[in-house]
Amino acid sequence: MTPIFPTLHTEHLILREIVASDANALFQIHSDAETMRWFGVDPITDIAQANQITAMFAGWFAGGTGVRWGIERRSDGRLIGSCGFFRWNKSWRNCLLGFELARDATGQGHMTAALRAVLAHGFGPMGLHRIQAESHADNHASIAVLTRLGFRFEGVHREQAFWGGQFHDLNCYAVLGPEWRQ
């Protein structure tokens with residue numbers, strides 16, 4: 001039996017399954033060098049790469065290794081980003097959190113609202129105990145969202161990532177289920 005993808009709702013957003021027709025919207029986001037500045041990969045350059053991203057995100061849910069939601073704005077039906085869990089370790093009840101948002105949709109509270117819904121799902125139906133996120137120290141917007149949502153700084157993962165032709169340190173943040181529930 002194929003599991004049903006969990007659609008989540010906030011006041012202004014629908015968090016839904018990413019489908020093949022989202023490739024153009026994901027291309028617009030993932031090809032923008034400024035948007036991808038802190039994502040951990042170089043910007044994509046063609047629609048074929050966006051199709052691969054779409055398939056990868058869908059594959060996480062199908063494979064049971066994560067869940068990636070497309071963030072759709074209710075007001076106009078536009079896909080403005082994505083967020084979700086990957087590297088889901090079911091026996092340890094933990095995973096990593098990732099997210100990105102189109103540049104023209106930032107600063108409006110969309111990601112904070114989306115991640116609140118996603119964290120509630122993670123600590124609720126998914127049964128997670130720990131959710132971790134990694135962020136470049138200069139990515140102040142992401143760090144602000146994480147700390148607003150109760151994530152705590154735990155340390156630095158030295159030269160954890162490679163993009164733009166160089167290695168980057170990433171700050172590790174995490175929130176535990178009991179902390180989230182408070």
Summed residue charge, Cβ within 11 Å of A174's Cβ, Lys/Arg positive, Asp/Glu negative | -1
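Taking the solvent-accessible surface of protein heavy atoms with a 1.4 Å probe, what is the per residue accessible area of the stretch 93-135 in Å²? Could the numbers behind the result be given before it?
Details: 1560 Å² over 43 residues.
Using a 1.4 Å probe on heavy atoms only, each residue of the stretch 93-135 averages 36 Å².
Does the stretch 1-86 come out rounded, prolate or oblate by the C-alpha gyration tensor, with a ≥ b ≥ c the root eigenvalues, rounded set by a/c under 1.5 and, if not, prolate when a/b is larger than b/c and oblate if not? Don't jump to the answer; show the numbers that get you there.
Working: a/c = 1.79, a/b = 1.22, b/c = 1.46.
It comes out oblate by the Cα gyration axes.
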Based on DSSP H runs of at least 4 residues, each adding -39500 (n - 2.57), what is the mean residue ellipticity at 222 nm of the chain after dividing by all its residues, to the nearest 500 deg cm²/dmol?
-> -8500 deg cm²/dmol
Inter-part gap, Cα centre of the stretch 157-182 to Cα centre of the stretch 72-147, in whole angstrom, is 13 Å
Taking R0 as 22 Å, what's the FRET efficiency between A120 and R152 from their Cβ-Cβ distance, rounded to 0.05?
-> 0.75
So how far apart, in nm, are the two label points at D42 and D76 if each is 7 Å from Cα heading toward Cβ?
-> 3.1 nm
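If you roll a 1.4 angstrom probe over the protein chains with everything in place, what fraction of the accessible area of the chain belongs to carbon and sulfur, to the nearest %?
Working: 4920 of 9410 Å².
Here it works out to 52 percent.
The values are calculated or read from the model by the stated rules, or taken from the named source; none is laboratory data. Values in this document were obtained by computation on a predicted structure and should not be read as measured data. Quick reminder, even Gly has a Cβ in these numbers, built from the backbone with ideal geometry, and neighbours come from all protein chains shown. We work out accessible area using only protein heavy atoms, side chains counted, and drop any ligands, DNA or RNA first. Shrake-Rupley method; radii C 1.70, N 1.55, O 1.52, S 1.80 Å.
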